[in-house]
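Undergrad: First the structure, which I've put down as structure tokens, then a few questions once you've had a look.
The values are calculated or read from the model by the stated rules, or taken from the named source; none is laboratory data. It should be emphasised that the depicted structure is a prediction, and the values quoted were computed from it without experimental measurement. Counting neighbours? That spans all protein chains shown, and the Cβs are built from the backbone with ideal geometry, glycine included. Protein only, heavy atoms only, side chains kept; ligands, DNA and RNA dropped before computing areas. Shrake-Rupley method; radii C 1.70, N 1.55, O 1.52, S 1.80 Å.
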Amino acid sequence: MDFSKYENKLPYPMGPTKPKLSTNTPSADELIKYVEKQKKYEDEEKECRQNREKWFEETHRLEDLFKQDLFNELGIENHPKREKIFSYAWQEGHSRGLSNVLAVAEEIVDFFFRDE
């Protein structure tokens with residue numbers, strides 16, 4: 001199984017830096033500049049949230065693709081327990097990568113369903 005096709009190619013959006021106002025009494029010009037920077041920050045923050053939503057949507061789409069490919073790879077695409085197998089394999093293996101999720105699922109299928 002080619003695990004590279006499940007990697008999210010979108011860059012993770014980093015949030016903008018919030019502007020700061022001096023603790024000293026600011027001048028009128030400093031206040032005006034701060035308000036402009038704050039407005040720009042709010043616009044960038046909104047755009048960042050939208051980009052993060054797109055990033056998470058793509059991540060979930062790729063995870064669903066991986067899940068379907070895993071079912072096909074193991075020949076359990078119609079098995080009634082496939083979701084439970086995947087759920088357990090994901091819980092046990094996803095922190096170490098998708099290859100480990102596949103390995104855990106293979107062990108379960110081999111152990112419980114080798115006679116089917």
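Undergrad: Of all residues in segment 1-50, how many are free of Cβ contacts under 8 Å to residues at least 40 places away in the same chain, open to solvent by less than 100 Å² (accessible area, probe 1.4 Å) and in a helix (DSSP H, G or I)?
TA: Counting residues in segment 1-50 that are free of Cβ contacts under 8 Å to residues at least 40 places away in the same chain, open to solvent by less than 100 Å² (accessible area, probe 1.4 Å) and in a helix (DSSP H, G or I) gives 15.
Undergrad: Being touching a helix residue (DSSP H, G or I) at 6+ places or on another chain (Cβ under 9 Å) and modelled with pLDDT of 95 or more is the filter; apply it to segment 21-70 and report the residue that is nearest to ALA103 (Cα to Cα).
TA: The extreme case among them is LEU70.
Undergrad: Being more than 15 Å from GLU106 (Cβ to Cβ), surrounded by 15 or more Cβ atoms within 10 Å (Cβ to Cβ) and touching a residue at least 24 places away in the same chain (Cβ under 8 Å), is that true of even one residue in segment 60-69?
TA: yes
Undergrad: Further, regarding this structure: Which of (1) surrounded by 13 or more Cβ atoms within 10 Å (Cβ to Cβ); (2) in a helix (DSSP H, G or I) is the odd one out, the single condition HIS79 does not satisfy?
TA: Just one mismatch for HIS79, condition (2).
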